[in-house]
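The values are calculated or read from the model by the stated rules, or taken from the named source; none is laboratory data. All values derive from a computational prediction rather than experimental measurement. Cβ atoms come from the backbone with ideal geometry, glycine included; neighbour counts cover every protein chain shown. What goes into the accessible areas is simple: the full protein's heavy atoms, side chains included, and nothing from ligands, DNA or RNA. Shrake-Rupley method; radii C 1.70, N 1.55, O 1.52, S 1.80 Å.
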Amino acid sequence: MSLNSFGHLFRFTTWGESHGPAIGAVVDGCPPGIALSEADLQPWLDKRRPGTSRFTTQRREPDQVCILSGVFEGRTTGTPISLMIENADQRSKDYSDVAKAYRPGHADYAYDAKYGFRDYRGGGRSSARETASRVAAGGVARLVIPSVRIRGWVEAIGGDGIDYAAFDDAAIDANPFFCPDPAAALRWEAAVDAARKAGSSLGAVIACEAVGVPAGWGAPLYAKLDAELAHACMGINAVKGVEIGDGFAAAALTGEANADAMRPGDADGPQFLANHAGGIAGGIATGQPIRVRVAFKPTSSILTPVETITRDGAATDLATKGRHDPCVGIRGVPVVEAMVALVLADQFLLHRGQCG
């Protein structure tokens, strides 16, 4: 099994390589009758699109999505929805040295060890380019759960975090970092510029919140909602950690401090006095906002020479040429949002299937 598919009832499969003619996704299980056009998906792809500022890769891709199937007269038919995004700005010659040696921190050696050969042009399937397909599929998922608002932002770059007391939702789309703290965004400009000019890169932490998920979505034990979210986000290229709610910080709390105390509420459920659990208890949504944090490692493709080996096992140094993100986590915001949407759409259908 090649395991290029994700989901249960709402399922998607991505295809294509970084430097192939196109990439895309096939979404299966979408309910029929939902209004869908390219215009519904394009805004999310535009958020992820490369080359929009000096703080991202300068690869120029329009990332125009084309719907090839599954839609008739502007509505989904219930059959597989095929989405295609053409690759318009590949420069495979930039990877001639990578063909001979492995980039440390990248998946070059691991792919070679598994398959016996690899697509060295930008990393093939291991490239962050693949995530555009997820964002397109996530755009479809959002239409399945229109009452849920999914919002992501960058919480930290290079270890420098935002001040939540200065959180401004309107600021997230007003700067190139998806940053809700304008002061932090100014600091990050200098930090990312410095890393780019030094031929290096920085990591980032992304936070994402889903509001409007009703109590009951999810399942106990082997299909827990938090486990599904962790699985989805951990499968994003460059992600090395996922937390739900307080995550690791919960281990430093006492039982009473960690408890999400409740008081009588209204017809929609109790009034919660805290949300340490991130909106999920026992693998099932509580009706509170679902909160996820995702850690992205620094971009592995850097201009600074790093010790490595060739395919023949000889020692060498390698500096990766080409156009790369000095902080790949910045463009990870719409990707995390998409994966959260894909999980929640799937869980909505699963819940409806079991509980009506």
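List the residue pairs whose Cβ atoms are under 7 Å apart, where the first residue sits in the stretch 180-195 and is touching a residue at least 60 places away in the same chain (Cβ under 8 Å) and assigned to a helix (DSSP H, G or I), the second is open to solvent by less than 60 Å² (accessible area, probe 1.4 Å) and polar (S, T, N, Q), and the two are 6 or more positions apart or on different chains.
Ala195/Ser201
Can you tell me which condition Glu73 does not meet? The list is (1) of a type in the set (Asp, Glu); (2) surrounded by 15 or more Cβ atoms within 10 Å (Cβ to Cβ); (3) modelled with pLDDT of 90 or more, and all the others hold.
Here Glu73 meets the rest and fails (2).
Among the residues of the stretch 159-171, is there at least one that is in a strand (DSSP E or B), touching a Lys or Arg at 6+ places or on another chain (Cβ under 9 Å) and at pLDDT 85 or above?
yes
Taking the conditions exactly as written (open to solvent by 50 Å² or more (accessible area, probe 1.4 Å), more than 27 Å from the chain's Cα centre (by Cα) and not acidic (Asp, Glu)), does Gly269 satisfy them or not?
Here the answer is no, as Gly269 does not meet what is asked.
If I ask for residues that are assigned to a helix (DSSP H, G or I) and either open to solvent by less than 30 Å² (accessible area, probe 1.4 Å) or β-branched (Val, Ile, Thr) (or both), which ones from the stretch 101-127 would you list?
Selection gives Asp108, Asp112, Gly124, Ser126.
Test Ala137 against the criterion of being open to solvent by less than 10 Å² (accessible area, probe 1.4 Å), out of contact with any Ser or Thr (no Cβ under 9 Å at 6 or more places or on another chain), under 18 Å from Val335 (Cβ atoms) and not in a loop (DSSP other than H, G, I, E, B), and give yes or no. Before you say what the answer is, go through the steps one by one.
Values: open to solvent by less than 10 Å² (accessible area, probe 1.4 Å): yes; out of contact with any Ser or Thr (no Cβ under 9 Å at 6 or more places or on another chain): no; under 18 Å from Val335 (Cβ atoms): yes; not in a loop (DSSP other than H, G, I, E, B): yes.
No, not satisfied.
Given the criteria of a type in the set (Lys, Arg), in contact with a Ser or Thr (Cβ under 8 Å, 6 or more places away or on another chain) and surrounded by fewer than 22 Cβ atoms within 10 Å (Cβ to Cβ), does Arg187 qualify?
In short, no.
Could you tell me how many of the residues in the stretch 312-333 are outside any loop (DSSP other than H, G, I, E, B) and surrounded by fewer than 24 Cβ atoms within 10 Å (Cβ to Cβ)?
Number satisfying all stated conditions: 4.
Name the one entry in Ala195, Ala165 that is surrounded by 15 or more Cβ atoms within 10 Å (Cβ to Cβ), of a type outside the set (D, E, K, R) and either farther than 22 Å from Leu344 by Cα or in contact with a Pro (Cβ under 7 Å, 6 or more places away or on another chain) (or both).
Answer to the selection: Ala195.
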